[in-house]
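Peer 1: Okay, handing you the structure first.
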Amino acid sequence: MTREAILPTPLPPSLEIPAAELLATARALKAQGRFDMLLDVTAVDWPGRDLRFDVVWHFYSTITFARVRVKTRVAEADPAVDSLLPLYGSALFMERECHEMYGIAFRGHPDLRPILLYEGFVGHPLRKDYPIRLEQPLVVYRKETLSPALSQGRGSASTPSLGRGQGEGQ
């Protein structure tokens, strides 16, 4: 059984916690603090530090209109934290983006494929040691073809365009 976190009272605008306490803290924020919305997941890279990365979550309560930031530190050798996807559905794409840009792994996340970069992109571009002049492998250009109606600006069968005088109130 997991230990339940007890939130400090009053709740400060920012909490720094050990990575092992992330899920318990997020559960407490959702249940006790009524933070029902995960706004963002990101990271900060500190190359000279032993625990190189800060992983940062921003939560919001639509009930009390309060915000809180939760931060934990992880080492470069094992940049991983638990996924908050079981608690917040919005974590799905935010954790993928953070994984892609910083290389932070989210344990328990079902799909950490790239969403902003292409498959085969080398490295993590928001890390401060990412070589700025690194040339990435070329991606084969995929030529899209448009239907004749779309290429002539006439809409499509599912989204017809309105001609002059056919709009509402005409």
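The values are calculated or read from the model by the stated rules, or taken from the named source; none is laboratory data. Here the structure is a predicted model, which means the values were calculated and not measured. Counting neighbours? That spans all protein chains shown, and the Cβs are built from the backbone with ideal geometry, glycine included.
Peer 1: What residue, of Phe35, Phe65, is surrounded by 15 or more Cβ atoms within 10 Å (Cβ to Cβ), aromatic (Phe, Trp, Tyr) and farther than 26 Å from Tyr130 by Cβ?
Peer 2: Phe35
Peer 1: Name the pairs whose Cβ atoms lie under 7 Å apart, with the first residue in segment 74-99 and modelled with pLDDT of 95 or more, the second among the polar types (S, T, N, Q) and part of a loop (DSSP other than H, G, I, E, B), and 6 or more positions between them or separate chains?
Peer 2: The qualifying pairs are Ala91/Ser83; Glu95/Ser83.
Peer 1: Further question on the same structure: Suppose the filter is acidic (Asp, Glu), surrounded by 18 or more Cβ atoms within 10 Å (Cβ to Cβ) and over 24 Å from Glu16 (Cβ atoms); does Glu119 pass it?
Peer 2: no
Peer 1: Assess whether Leu92 counts as being of a type outside the set (Val, Ile, Thr), over 26 Å from Thr9 (Cα atoms) and touching a helix residue (DSSP H, G or I) at 6+ places or on another chain (Cβ under 6 Å).
Peer 2: no
Peer 1: On to the next question. Would you mention how many residues in segment 31-59 are within 17 Å of Leu92 (Cα to Cα) and not polar (S, T, N, Q)?
Peer 2: The qualifying residues number 12.
Peer 1: If I go through segment 62-94 residue by residue, how many of them are within 11 Å of His109 (Cβ to Cβ) and outside any loop (DSSP other than H, G, I, E, B)?
Peer 2: Going through segment 62-94 one residue at a time, the tally reaches 7.
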